[in-house]
Amino acid sequence: GFLQQYQTNATNRNRARARWTYQHFLGIDIENSSTRNIDASMLVDLQGTTTSRQACKSCHDRIDPVAGAFQRYGSRGIYLDGAFGKDTIDHRYKISQFYTQGDTWYRYMLAPGFEGEVFDLTNTSKDPLRILAEHLSQHPKFPEGTIKFWWPALFGEEFLSYKLDDNELQLRLSWLNKLSDKFKSSGFNLKHLMLEIIMSPFFRNDLLSTPNVFKKSKRLLTPEELRNKSLSIARYDDAELITEQLIIYGGIDSYNVERRQRTFSSMMYQIAKRHATEASCNLLTDLHQDFTDAPSNKITLIQSNHSVSASTPTIIPANDTTHYQWFFKNTHSSPINIQASFIPGSGSTIDFEAYRVPAGASWTSPQQIQSGEWLITTDSATPITIETTKIQPNKNSTISYLKEIAFKFWGDGSDKTADDLYTFYLSTHQVSEPNLVETCTSTKAMPAWMIYELARWRLVYIRLMTDFNYLYE
């Protein structure tokens, strides 16, 4: 219970219990309720008490009386656990000059009370903690405190945070007033409050009829939830998430760590990226099969052979302008140097550095976005055959597939989302590397264009699985 969760000791004297009473029941953070004074003259204490230091009074004048209301409950929450069941005062105080026989609380602490009112304890049969509970339930901040207390359990985040922008802060404050009024009008019926919160736009994420700020009311998936999600979508079971990396990724073990990390850190992002990189291998399996069952509906593939030598270059027309990629394969039994130049329809010729191509390997061109022609030469004195492969994304079918997987991963298969992902896919040619695929599956029987294309799609999958929309819900 509350008393066991927030234990006390001889020096704390129920102040932690008082601090969390304000926090949980009234939504008041005592530790941030006033400016911390660092003026040395304000910290001078000649009496040895917190209530005599000017820098301490603003907080202790509020929490010490509430701490006194817990005076009948000892460090472990047991009622009157002192000698002969008369009090909970520690032994050191009882042998000090301050103690007087019959005292039930520390003499130099403020009398039990609440917000300036001192409790009448002449009737010893009435527990001061019960009196405190009555005052708390009648305080105007009690409805707000209840909402703030239950909000993280439903949304995984604090109701009010310093990270909120002005628009969302004002929106939340207005809803705090609305929910508080409804809670009061229901006679403080908690079930009614839960219903109102669940029916609110925050919980329902009703983006069609409410401002976009409601979309931010998402919570970070726990390590267990992320593991289950990826197991369902990518058929990838990441045991590390719930073992070695459980705590680092914001999980709890209910022993050393009892509170979840609600904000995303750079270390957590590295774990998410590792998780996505490994999970993407499973997703490539289906895509590999799709490319193997040629022709794939996601790309247009055109292959041809050209004879070329040092004295006889070959010219390959490149009249199309829509994101083509070229692969020039060395079919010779020994390595050769390939020199490629692109001659655009308008503008200057683009010369590329000579590239040493091993036997059976390919040179990959940059992405072609304008019409022109390729001029290919080699250092071979005798003519050899260069196998050229031209691939072009099939825009309509690729966007259709991106809509499908965006809905699967993010729950958002809109045209805009698919178009954004298609733009990202087109840009991946700049960073795509064959080893992105080699770490997943055997590439011995794969042609160069397939390795390259799978590497690009792996980057798309990693992008999907490291996005806010995947890691939060």
Total residues in region 74-93, condition of a type outside the set (A, V, I, L, M, F, W, C) and either exposed (fewer than 15 other Cβ atoms within 10 Å of the Cβ) or touching a Phe, Trp or Tyr at 6+ places or on another chain (Cβ under 6 Å) (or both): 8
Residue count, region 348-364 (criterion: out of contact with any Asp or Glu (no Cβ under 9 Å at 6 or more places or on another chain), over 27 Å from ILE299 (Cβ atoms) and assigned to a loop (DSSP other than H, G, I, E, B)): 3
Residues of region 73-106 that turn out to be assigned to a loop (DSSP other than H, G, I, E, B) and either of a type in the set (Phe, Trp, Tyr) or closer than 15 Å to ASN12 by Cα (or both), as a count: 11
Residue list for region 236-259, filter: β-branched (Val, Ile, Thr), surrounded by 13 or more Cβ atoms within 10 Å (Cβ to Cβ) and outside any helix (DSSP H, G or I): ILE247, ILE248, ILE252, VAL257
Identity of the residue in region 388-407, among the charged types (D, E, K, R) and at pLDDT below 90, that ends up nearest to THR314 (Cα to Cα): LYS390
Any hit, region 264-279, residues being at pLDDT 85 or above, part of a loop (DSSP other than H, G, I, E, B) and farther than 30 Å from ASP320 by Cα: yes
Residue in region 367-378 that is under 35 Å from the mean Cα position of the chain (by Cα) and either at pLDDT below 85 or under 30 Å from PHE202 (Cβ atoms) (or both) present: yes
Single residue of region 181-219 satisfying the filter (assigned to a loop (DSSP other than H, G, I, E, B) and closer than 18 Å to ALA153 by Cα) that is modelled with the lowest pLDDT: SER217
Number of positions in region 158-172 that are part of a helix (DSSP H, G or I), among the acidic types (Asp, Glu) and over 14 Å from LYS218 (Cα atoms): 1
Among the residues listed as TYR22, TYR6, the single one being surrounded by 12 or more Cβ atoms within 10 Å (Cβ to Cβ) and at pLDDT below 90: TYR6
Unique match (being of a type in the set (Ser, Thr, Tyr) and assigned to a helix (DSSP H, G or I)) among THR382, THR377, THR398, THR389: THR398
Subset tally (residues that are touching a Gly at 6+ places or on another chain (Cβ under 9 Å), charged (D, E, K, R) and buried (at least 18 other Cβ atoms within 10 Å of the Cβ)) for region 260-315: 0
Subset of region 448-472 [out of contact with any Lys or Arg (no Cβ under 6 Å at 6 or more places or on another chain) and part of a loop (DSSP other than H, G, I, E, B)]: ASP467
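The values are calculated or read from the model by the stated rules, or taken from the named source; none is laboratory data. Since we're looking at a predicted model, the values are computed, not measured. Positions of Cβ are backbone-derived with ideal geometry, glycine not excepted, and every protein chain shown enters the neighbour counts.
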